[in-house]
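The values are calculated or read from the model by the stated rules, or taken from the named source; none is laboratory data. Since the structure is predicted, the reported quantities are computational estimates derived from the model, not experimental observations. Backbone-built Cβ (ideal geometry, glycine too); neighbour counts: all protein chains shown.
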Amino acid sequence: MIAISSGKGGVGKSTVTANLAVMLARQGLRVGLVDADLYGPSIPGMLGVPSGQPPAMTSTKKVIPTEAHGVKVISMGMLTADDKPAVMRGPMVTKYLQMFVTQVDWGELDVLFLDLPPGTGDIQLTLAQAFPLAGAVVVSTPQDVSLKIARRGLRMMEQVKVPILGIIENMSGFTCPSCGEVTHIFHQGGGRTIAESMGVPFLGAIPLDPAIVDSGDSGEPLVNAAPDSPAAQAYASIADAL
Ligand code: ADP
């Protein structure tokens, strides 16, 4: 079980999780993905899983996960319609998370990704303490404000004794399609610097690429839609590093 976390929202954590999961499935691994972002599930949209259509159950009352691009998926977004908020307090959240891990008919898996919501709250603690995580990956954009908060996430994982598998720098440099010049819109290199200063692995950097937005919105992750693109190759080398 590998948790993918981030200090704050919008840094591309779910996009990274979806692409890494599909990349590992393309390489022949048996991959599951728990969308643990119960309040803001974005994995179904990114993997083209319809929302508001509760999955079927086995005869032993386990939920059958939906398979998308070779990945078995469970998400709150599958249980509720797109415009319906998940309104619930802590104990209910804990119940759902435990169900997503233990009451789903995952079968044999090589890796189960947990796409955590941003921050260091209830959901992160519940998962870190209730399940034997192999480790956590922290996603951050390269600018200071994001990295400072990512550092807090790293410290939380240390406190709850979850090994840090590494840091991924996302949205790292944009290559102009006309002239080829690279602009570091959110700066560059911060992910590697923070990894070195905290003594944890730096797993790699993913460029800022509008094709990632389009593929995420269309439900076809970039590693499938454009497997030869530089961004897809960045995901591949991060998957290898994991
Ligand atoms: P988070 O899970 O951290 O909140 P998301 O994965 O939902 O972030 O991504 C936020 C937005 O940024 C989405 O619109 C997504 O398509 C976009 N995005 C993520 N990574 C990149 C990237 N490397 N280049 C361009 N857009 C990206």
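The set of residues in the range 70-94 that are within 16 Å of the ligand (Cβ to nearest atom), closer than 25 Å to Arg30 by Cβ and not small (Gly, Ala, Ser) comprises Val71, Val73, Met76. Reported count of residues in the range 156-203, each being in contact (Cβ under 8 Å) with a residue 24 or more places away in the chain, over 20 Å from Lys8 (Cβ atoms) and in contact with a Ser or Thr (Cβ under 6 Å, 6 or more places away or on another chain), is 1. Take the conditions (1) within 19 Å of Val111 (Cβ to Cβ); (2) within 16 Å of the ligand (Cβ to nearest atom); (3) assigned to a loop (DSSP other than H, G, I, E, B); (4) not aromatic (Phe, Trp, Tyr); Gly28 misses just one of them, which is (2). Considering the conditions (1) outside any loop (DSSP other than H, G, I, E, B); (2) under 22 Å from Met156 (Cβ atoms); (3) touching a helix residue (DSSP H, G or I) at 6+ places or on another chain (Cβ under 6 Å), Pro117 is excluded by exactly one of them, (1). Residue count for the range 65-96 satisfying the condition of being assigned to a helix (DSSP H, G or I) and touching a strand residue (DSSP E or B) at 6+ places or on another chain (Cβ under 8 Å): 3.
Of all the residues in the range 195-209, those that are modelled with pLDDT under 95 and either within 9 Å of the ligand (Cβ to nearest atom) or surrounded by fewer than 18 Cβ atoms within 10 Å (Cβ to Cβ) (or both) number 4.
One residue stands out in the range 109-152 among those that are surrounded by 17 or more Cβ atoms within 10 Å (Cβ to Cβ) and of a type in the set (Gly, Ala, Ser): the one that is modelled with the lowest pLDDT, namely Ser146.
State whether one or more residues within the range 1-20 are near the ligand (Cβ under 9 Å from one of its atoms), closer than 21 Å to Gly119 by Cβ, in contact with an Asp or Glu (Cβ under 7 Å, 6 or more places away or on another chain) and of a type in the set (A, V, I, L, M, F, W, C). There is at least one residue in the range 1-20 that is near the ligand (Cβ under 9 Å from one of its atoms), closer than 21 Å to Gly119 by Cβ, in contact with an Asp or Glu (Cβ under 7 Å, 6 or more places away or on another chain) and of a type in the set (A, V, I, L, M, F, W, C). Per the conditions (1) surrounded by fewer than 24 Cβ atoms within 10 Å (Cβ to Cβ); (2) touching a residue at least 12 places away in the same chain (Cβ under 8 Å); (3) more than 16 Å from Ala136 (Cα to Cα); (4) out of contact with any strand residue (DSSP E or B) (no Cβ under 7 Å at 6 or more places or on another chain), the sole criterion not satisfied by Lys62 is (4).
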